[in-house]
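Notes for the one structure printed next.
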Amino acid sequence: MLLAKLLSIGGASSSNFKNICIHLLGDERLLRESYKFRRLRFLLPDLGIRIVHEEPLLKAYLASVLDGLDFLTQRKTLVYDKNLGNDIDRADALQNIGPNVYLVHESLHLSLRSSLGTPKDPTAIVCEEALAQSMEWLIGLEMHSALSQLAWRLQSPVQIHPAIRQTAMALINATSDKTLYELILHSFLSSLFLRDKFQKSDFKKICDLLKLEPSSEMFSLFKIGFDMSDRFRYDTVWGYVAQKSGITVEHYLCNQSIDFQTPLHAINGLNFFREKKFFAGSRSL
Ligand SMILES: [Zn+2]
């Protein structure tokens, strides 16, 4: 039923939204419902980043494997995979699939890079990844309706459990979404810096750093970053780090320790999002 409703909204060729992806099912719904999604999409042209659906470019990007992000960065172009149009009758199948192009995630990377440059050293690369992951999570949090959650599934693999959503919203109401963002960012940083498993003592240190009174709710939110698979952490993120810097995971683990002071690149990234008013509201249209 939800999918039928989403389909009845259909294409967005008549939409007034800037930079809408007209071949992407539910794109307009996401633009309407999430302030941060809208903010990100509207920001792209200001940063000189275009967003297109072009088959040859899509094929070349998908073939780039670990270099896909650099492929897009060099072209200042985001490419998306059409899922609305020809085979709409088979659209029920969409219920069971996710995106094969992570448009939101890559939008975040390219936006950060347009301001901070492409990171070179392992720490900055991991910081950028943690920033993109945590911001994507925070955008996903703004998908409150079942309809937008379905549309979101077609653009992002990030799924938020209803109980976690409730806890996160309660924290925003009690503090601010910037507080939540910092907590989630540190969670992803800890996880991506290959902290093998979540430790309660780490959580206490992060709360001290952020000047937060630890609570069981915050504790459950801090575990978010550790939900991602080991395969993603090691093969994807560290595969990329190794390729770009020549450093191996083993080398890194032997020579670096996590001091839990937010690395500089993460602070700069946080400031970038703040300047671009990502924390200025949460209004749907
Ligand atoms: Zn990434």
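If you check residue 171 against the conditions, is it within 16 Å of the ligand (Cβ to nearest atom) and closer than 19 Å to residue 225 by Cβ? No, not satisfied. Only residues that are free of Cβ contacts under 8 Å to residues at least 60 places away in the same chain, basic (Lys, Arg) and surrounded by 14 or more Cβ atoms within 10 Å (Cβ to Cβ) were counted in region 183-222, giving 1.
Take region 98-134 and flag every residue that is among the hydrophobic types (A, V, I, L, M, F, W, C) and either more than 13 Å from the ligand (Cβ to nearest atom) or farther than 19 Å from residue 51 by Cα (or both). I'd like the intermediate steps shown before the answer.
Of all residues in region 98-134, those among the hydrophobic types (A, V, I, L, M, F, W, C) come to 101, 103-104, 108, 110, 112, 116, 124-127, 130-132.
Across region 98-134, the qualifying residues are 116, 124, 125, 126, 127, 130, 131.
Quick one: is residue 40 outside any helix (DSSP H, G or I) and at pLDDT 95 or above? No, not satisfied.
When restricted to residues that are surrounded by fewer than 18 Cβ atoms within 10 Å (Cβ to Cβ) and modelled with pLDDT of 80 or more, region 245-267 contains 2.
Each residue in region 52-84 was checked for being among the hydroxyl-bearing types (Ser, Thr, Tyr) and either surrounded by fewer than 14 Cβ atoms within 10 Å (Cβ to Cβ) or within 13 Å of the ligand (Cβ to nearest atom) (or both), and 2 of them qualify.
Those helices (runs of 4 or more DSSP H) of region 94-182 in which at least 3 residues are crowded, with 17+ Cβ neighbours inside 10 Å and in contact (Cβ under 8 Å) with a residue 60 or more places away in the chain, considering only elements entirely within it, cover 103-116, 122-141, 146-153.
The values are calculated or read from the model by the stated rules, or taken from the named source; none is laboratory data. All of these numbers come straight from a predicted model, not from anything done at the bench. Glycine also receives a Cβ, built like all others from the backbone with ideal geometry; neighbour counts cover every protein chain displayed.
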